[in-house]
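Every number in this text was worked out from the coordinates using simple rules, so none of it is lab data. Fair warning: this is a prediction, and the values are worked out from it, not measured in the lab. Please note: Cβ atoms are built from the backbone with ideal geometry, for glycine as well, and neighbour counts cover all protein chains shown.
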Amino acid sequence: MSIVKLKLPEGIHCESHVFRSDEYAEIVHLFPESIRELARNLAQELSTASPQRKASFLAGRLSAIHALQRFLCPEEQLKSVMGRTAQGLPIWPVEFIGSITHNMLEKNGLAIAIIAQKNQYASVAIDCETIFSIDHANDIVKLIASENELRLGERMAIEREKWLTMIYSLKETLFKLLFFKVNRFMPFEAVEVLSVDEALELACLMLTVDWGDLSAGQRFWLNVEKIGLKSLGEQIVCFGTLERTNIED
């Protein structure tokens, strides 16, 4: 059972796990028995990675597998999720698409995966961020936000660190959502946040340049939710979907 409850569209399953950076060996034992050895081997392949990286990777894959199991995905197909594309993305079973996000605060982490069937959705994406510290927000503000976006946050009277976290997470989500269109991650200035309705938990983003066959000026609506976790504090979770009836891949 996922600890994170999101207002997801019909046909999308979500699973999540809270973990600690020193628990990657324990995470391995939570995998289905047929995949446990593969998970253990992958942890060994990440021998040069930090404990945080190992735990995050495994918790994300574990969340994805549990979400796929809710679709009754055959266990043999679940093994593909443990692999990675040349860009480092998960390899989903042929009939499914998905997205994984994870973040850390000191030694505590959260991993979330959402999964959908390819015959219904062209793409799904999710991103989760712990609210930035004010110092970190100020360090990256010029990288991630335009003057228009900063003025929008001021008009909405949202705390600067929370607003910049939201901008970052929304853009990361859209980058993931449209990756299949351009096969690369775009720069932050390639999209602008036009509006956020906190009551409806919806945000509107606009492309500022062409993304492949997607034209500058095209708009996308993403969900943005705030959740609180005892071990991690307040989180911004953004997600989006593209139904096959709305866009062709």
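Once Rh for the chain is found with the Kirkwood sum over Cα pairs, what is the Stokes-Einstein diffusion coefficient at 10 °C and 1.306 mPa s, in µm²/s?
Rounded, D is 85 µm²/s.
Give me PHE19, PHE188, PHE57 sorted ascending by neighbouring Cβ count inside 10 Å, so fewest comes first.
The order, fewest Cβ neighbours first, is PHE188, PHE57, PHE19.
Would you mind working out the magnitude of the charge dipole of the stretch 1-143 relative to its Cα centre, with +1 at each Lys and Arg C-beta and -1 at each Asp and Glu C-beta, to the nearest 20 Debye?
Numbers: 14 positive and 16 negative charges, 26 e Å.
That gives a dipole near 120 debye.
Count the lysine pairs in the stretch 1-132 whose Cα atoms lie under 24 Å apart, taking only pairs 8 or more positions apart in sequence or on different chains.
Lysine pairs satisfying the spacing and distance rule in the stretch 1-132 number 6.
Ignoring trypsin sites (Lys or Arg not before Pro) that are buried or in helix or strand per DSSP, and keeping those with at most 12 other beta carbon atoms within 10 Å, what is the longest stretch of the chain between them?
On the way: sites that count: LYS5, LYS7, ARG184, LYS230.
The answer is 8-183.
Taking the Cβ-Cβ separation of LEU150 and PHE185 as r and a Förster radius of 25 Å, what is the calculated FRET efficiency to the nearest 0.05?
Step by step, r from the Cβ atoms, then E = 0.65.
Evaluated at 4 °C with a viscosity of 1.567 mPa s, what Stokes-Einstein diffusion coefficient in µm²/s does the stretch 37-128 have when Rh comes from the Kirkwood expression over alpha-carbon pairs?
Details: Rh = 13.7 Å.
Once the numbers are plugged in, D ends up at 95 µm²/s.
Give the separation of the Cα centroids, the stretch 201-249 to the stretch 128-173, in Å.
With the stretch 201-249 and the stretch 128-173 each reduced to a Cα centre, they are spaced 15 Å.
When Lys and Arg each count +1 and Asp and Glu each count -1, what net charge do the other residues less than 14 Å away from ILE35, Cβ to Cβ, add up to? Don't skip to the answer; put the middle values down first.
Numbers: positive: ARG36, ARG40, ARG61, LYS79; negative: GLU33, GLU37, GLU75, GLU76.
Within the 14 Å Cβ shell, the charges total 0.
Within 10 Å of each residue's Cβ, count the other Cβ atoms and sort ILE236, ILE140, ILE131 from fewest upward.
On the way: ILE236 23, ILE140 14, ILE131 20.
If I rank by nearby Cβ atoms, fewest first, I get ILE140, ILE131, ILE236.
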